[in-house]
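K.L.:
This is the structure I want to talk about, given as C-alpha cells.
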C-alpha cells in the first residue's frame, strides 16, 4: 500500500520569501510521486514528477522537489514566492498498478504582499 | 495542441435525475480517468478507461458508469443523483504506455438540488 502525508494543511508566506511544502510518503514499493497545483475553481496542473530517475526533480514555475528515501520525504520548494503561487498543492502517489493517482487533502499556500 | 476538454463547465440537476459529462483527451493520449472532487477535498478516483473498457474502478457505486469511444473521448454517467454527488468532476488523460503524464481538464461543476 502507499500513502502520503502533507504535514501542513495551510502555509502562509510573504512574496519573495522561500516556499516549503512538506510531504512524507509511506510505500511498500518504490513509488512514483507527483506534485500537482490547483488554483481556485480550476483543474489540476502537474508541477513535477519523480519516477525513480534523478532524486532532485525540477518542475515548472521555479518549483523543485527532492526525493529522500532515508527520510521518506518528497518536499516541494521554491526559492522565491510569487503572488500567483497562491493555490492548493497536492503531493500524489501513483498506485502500484499505475492506474490511479491517490490524492489527499492537500496544502493551501497563501502568499501575502 | 489542445489539452483535455470537458463539457459542460457547469451543470445543475435535480435529485433523482441522470447526468452525462463529457471529456475529450489530449491529442495523442489513449487513456481517460475520471475523478470526483468534493468541496475542500482532494480528488477521488472513479474509474479509468482504455480501449473502450473499464480498466480499474475506485470505490464508487454502480450509479456511476462510463464509456470510452473509438476516438478515445469519454463520458461519465451518473444515475439517480443524490445531493452528495455535488462536486467538481475532473477528467484526466494519459498514454497507457507512459503512466507518468496525467493531464487534467478544468472540470465540470455539478450541483444537485
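Just so you know, all these numbers are worked out from the coordinates, no wet-lab data involved. These figures come from a predicted structure and were not determined experimentally. Cβ placement follows ideal geometry from the backbone for every residue including glycine, while neighbour counts extend to all protein chains displayed.
K.L.:
Can you find a residue that is at the interface with chain A (Cβ under 9 Å from one of its Cβ atoms), surrounded by 18 or more Cβ atoms within 10 Å (Cβ to Cβ) and either under 27 Å from residue A:35 (Cβ atoms) or touching a helix residue (DSSP H, G or I) at 6+ places or on another chain (Cβ under 6 Å) (or both) anywhere in the range B:19-27? It would help to see each step written out before you state the result.
P.N.:
We begin by selecting, within the range B:19-27, every residue at the interface with chain A (Cβ under 9 Å from one of its Cβ atoms); these are none.
No: zero hits.
K.L.:
Out of the range A:71-102, which residues are more than 14 Å from chain B (Cβ to nearest Cβ) and on the phi > 0 side of the Ramachandran plot?
P.N.:
Quick first cut of the range A:71-102, residues more than 14 Å from chain B (Cβ to nearest Cβ) only: A:71-86.
The one that is more than 14 Å from chain B (Cβ to nearest Cβ) and on the phi > 0 side of the Ramachandran plot: A:72.
K.L.:
On the basis of being in contact with a strand residue (DSSP E or B) (Cβ under 9 Å, 6 or more places away or on another chain) and under 25 Å from residue B:96 (Cα atoms), does residue A:63 make the cut?
P.N.:
no
K.L.:
To continue, here is another question. Name the one entry in B:75, B:52 that is over 23 Å from residue A:32 (Cβ atoms) and without any contact (Cβ under 8 Å) to a residue 24 or more places away in the chain.
P.N.:
Criteria check complete, one pass: B:52.
K.L.:
Working only within the range B:32-69, note down all residues that are within 15 Å of residue B:94 (Cα to Cα) and within 11 Å of chain A (Cβ to nearest Cβ).
P.N.:
B:33, B:34, B:35, B:45, B:47, B:48, B:49, B:50, B:54, B:55, B:56
K.L.:
Could I ask something else about it? If only one of A:41, A:61 is within 12 Å of chain B (Cβ to nearest Cβ) and either touching a helix residue (DSSP H, G or I) at 6+ places or on another chain (Cβ under 7 Å) or surrounded by fewer than 13 Cβ atoms within 10 Å (Cβ to Cβ) (or both), which one is it?
P.N.:
Residue meeting the stated conditions: A:41.
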